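Some notes on the structure that comes next.
The values are calculated or read from the model by the stated rules, or taken from the named source; none is laboratory data. Source: prediction; values computed, not measured. A quick note on method: Cβ atoms are made from the backbone with ideal geometry, for glycine too, and the neighbour counts reach across all protein chains shown. Accessible surface is based on the protein model in full, side chains and every heavy atom, while ligands, DNA and RNA are left aside. Shrake-Rupley method; radii C 1.70, N 1.55, O 1.52, S 1.80 Å.
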Amino acid sequence: MNTVTRGFHGRRGGDPDRIPPGQYETSDFPVLSVGPTPRVDTDEWTLAIVNEAGQALTWSWDAFMALPQEHPHVDIHCVTRWSRLDTDWVGVSLDVLLEDVETTAEYALALSHGGYSTDVPLEDLTDGRAWIAHTFDGEPLAPEHGGPARLIVPHLYFWKSAKWVREIRLLHEDDPGFWEQAGYHSYGDPWREQRYQGD
Ligand SMILES: Nc1nc2c(c(=O)[nH]1)N[C@H]1C(S)=C(S)[C@@H](COP(=O)(O)O)O[C@H]1N2
Ligand SMILES: [Mo]
């Protein structure tokens, strides 16, 4: 008998190849924000990548939207233990944004409107593994989920995917972000269950 229903007990529920240890599958899209949702108008929106010498490359909304767009189809994993499979985004690969950036930095700090920040090794933003996304499920990204645009780094716990991102700062030394300063793991690989420092 095959009586599974989609959602919590969907056909992929608990699939150990897709659900990292200690996670459960959900079909919801929970909102996890530290503070209030900042309202960022696309007329005023800019994205900057600032290298270790302080040189900035900056895109307006129109310039950003004119860049080559990708359609990542990815699984996401929050450290609060929910995982959502098969999410659909549209955005610009960090590979494209980093193309003309001169850097030998090893770390990146993503900075958001509202004060949130999170650090990742720069390498983890490359090779088709990270995007600045503006569309989710075919719709403009909702403000509570980081609209107009957010970072997505789906191979790391979802706290690394900074909502309302405004700057990617490239650094020679790691600079812990909001949750990393609060005791969360500096890298955050869901497959190795790197939830907290020391995991
Ligand atoms: N700017 C900002 N980005 C953020 C957060 C936040 O509080 N502020 N929360 C993080 C956490 S812990 C998670 S799980 C995801 C949640 O994204 P969602 O609210 O779209 O599900 O965003 C991450 N990015
Ligand atoms: Mo999270």
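A few remarks follow.
- Unique match (being part of a loop (DSSP other than H, G, I, E, B), at pLDDT 95 or above and more than 16 Å from ligand 2 (Cβ to nearest atom)) among Leu85, Leu67, Leu57: Leu67
- Taking the criterion of being hydrophobic (A, V, I, L, M, F, W, C) and over 17 Å from the mean Cα position of the chain (by Cα), the residues of the range 65-95 that qualify are Met65, Ala66, Leu67.
- Considering only residues in the range 149-162 that are under 16 Å from Asp137 (Cβ atoms) and surrounded by 24 or more Cβ atoms within 10 Å (Cβ to Cβ), the one that is farthest from ligand 2 (Cβ to nearest atom) turns out to be Ala149.
- Top-ranked residue in the range 163-180 [being open to solvent by 10 Å² or more (accessible area, probe 1.4 Å) and within 12 Å of His113 (Cα to Cα); ranked as farthest from ligand 1 (Cβ to nearest atom)]: Glu167
- Qualifying residues in the range 163-199 (those that are of a type in the set (A, V, I, L, M) and assigned to a strand (DSSP E or B)) - the one farthest from the chain's Cα centre (by Cα): Leu171
- Of everything in the range 109-147 that is open to solvent by less than 20 Å² (accessible area, probe 1.4 Å) and assigned to a loop (DSSP other than H, G, I, E, B), the residue that is nearest to ligand 2 (Cβ to nearest atom) is Gly146.
- First in the range 25-48 and open to solvent by 60 Å² or more (accessible area, probe 1.4 Å), second anywhere and within 16 Å of ligand 2 (Cβ to nearest atom) and part of a loop (DSSP other than H, G, I, E, B), Cβ under 8 Å, 6 or more apart: Leu32/Cys78; Leu32/Thr80; Val34/Gly114; Val34/Tyr116; Pro36/Gly114
- Residue selected from the range 70-82 under the condition outside any loop (DSSP other than H, G, I, E, B) and open to solvent by 40 Å² or more (accessible area, probe 1.4 Å), by the criterion nearest to ligand 1 (Cβ to nearest atom): His73
- Options Gly146, Gly138: the member that is over 11 Å from His113 (Cβ atoms), touching a strand residue (DSSP E or B) at 6+ places or on another chain (Cβ under 9 Å) and modelled with pLDDT of 95 or more: Gly138
- The single condition from (1) within 15 Å of ligand 2 (Cβ to nearest atom); (2) touching a residue at least 60 places away in the same chain (Cβ under 8 Å); (3) of a type in the set (Ser, Thr, Tyr) that Tyr196 fails is (2).
- Within the range 5-24, the set of residues being modelled with pLDDT of 95 or more and open to solvent by less than 50 Å² (accessible area, probe 1.4 Å) comprises Arg18, Ile19, Pro20, Gly22, Gln23.
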